[in-house]
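The values are calculated or read from the model by the stated rules, or taken from the named source; none is laboratory data. This is a predicted model, so every value here is computed, not measured. Don't worry about glycine lacking a Cβ; one is built from the backbone with ideal geometry, like all the others, and counts go over all protein chains shown.
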Amino acid sequence: MTYCVGMVLDKGLVLMSDTRTNSGVDNISTFRKMFSWQVPGERMIAIMTAGNLATTQAVVSQLEERTKSPDERGNALLKGPTMFGVATEVGRLLRTVISERQQANSGGTGRFTATIILAGQIAGMEPRLFMIYPEGNFIEASWDTPFFQIGETKYGRPILIRGYDRDLSFEDAVKLLMVSFDSTLKANLSVGLPLDLMVIAKDDFAPTHERRVTGDDAYFGEISSSWGDALKSAFHSLPDYSFESP
């Protein structure tokens, strides 16, 4: 499985993804799920993927090939005039890839579904965040829905709902995401380290901060242990329950 989160802040965008993929408990591998492209001073675009690995790799590979093509019409990532247009083209490609694989496997039992988070900014416009569904349609983040999750979303979602604020600093947003990911890692073996982190500040048009969080990362280890201690402390500070009548 996987877990990816994209978050919109006043200051820009914060993205984090795990790298685990598995086809059963005896077939676990590490694959990158976050990819980015940029034109210095003009645009910065990133995607995160969840779902069937062959499908997501095919989509990413075709997007990468299009960035090298002289055909500007097909080069939505680097030539699309708006992020909405980029989302439309990525959705169309995702739908096409899924359809082709389903047709090629007609009568089989394979599942080729996939979901994508698209984030980025084009010069003269605001940073934008989209979630693209297997059917190719998509929704855009807003201040009412300021973050998207794909994959194993349920374990880390309560953390984000309680801790998110649009005026968070990038540093606090990263800390919040690490708590969310730690909670998910503790609850589900299909999500695993290392984690990929990317911060995209408004009008930077390049990654402001990138990091791979591995199993021996001192800061992530401190976050994990401190969060566990804080939960225990909060639990013991709650009013005691009594078998006696109130």
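The table below lists the values:
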{"item": "Positions within segment 37-69 being among the polar types (S, T, N, Q) and assigned to a helix (DSSP H, G or I), in sequence order", "result": "THR55, THR56, GLN57, SER61, GLN62, THR67"}
{"item": "Any hit, segment 173-189, residues being farther than 30 Å from THR82 by Cα, part of a loop (DSSP other than H, G, I, E, B) and touching a residue at least 60 places away in the same chain (Cβ under 8 Å)", "result": "yes"}
{"item": "Any hit, segment 200-219, residues being within 30 Å of LYS11 (Cα to Cα) and part of a helix (DSSP H, G or I)", "result": "yes"}
{"item": "Residues of segment 199-234 that turn out to be under 19 Å from CYS4 (Cβ atoms), among the hydrophobic types (A, V, I, L, M, F, W, C) and touching a residue at least 60 places away in the same chain (Cβ under 8 Å), as a count", "result": "2"}
{"item": "Looking only at segment 1-20, and only at residues there that are buried (at least 23 other Cβ atoms within 10 Å of the Cβ) and among the polar types (S, T, N, Q), the one that is modelled with the highest pLDDT", "result": "SER17"}
{"item": "Hits in segment 156-172 - residues which are touching a residue at least 40 places away in the same chain (Cβ under 8 Å) and surrounded by 15 or more Cβ atoms within 10 Å (Cβ to Cβ)", "result": "GLY156, LEU160, TYR164, LEU168, PHE170"}
{"item": "LYS232 vs. criteria assigned to a helix (DSSP H, G or I) and surrounded by fewer than 11 Cβ atoms within 10 Å (Cβ to Cβ)", "result": "yes"}
{"item": "Members of segment 21-40 that are closer than 14 Å to ILE150 by Cβ and at pLDDT below 95", "result": "THR21"}
{"item": "Selected residue [surrounded by fewer than 16 Cβ atoms within 10 Å (Cβ to Cβ) and either among the hydrophobic types (A, V, I, L, M, F, W, C) or part of a loop (DSSP other than H, G, I, E, B) (or both)] from MET125, MET131", "result": "MET125"}
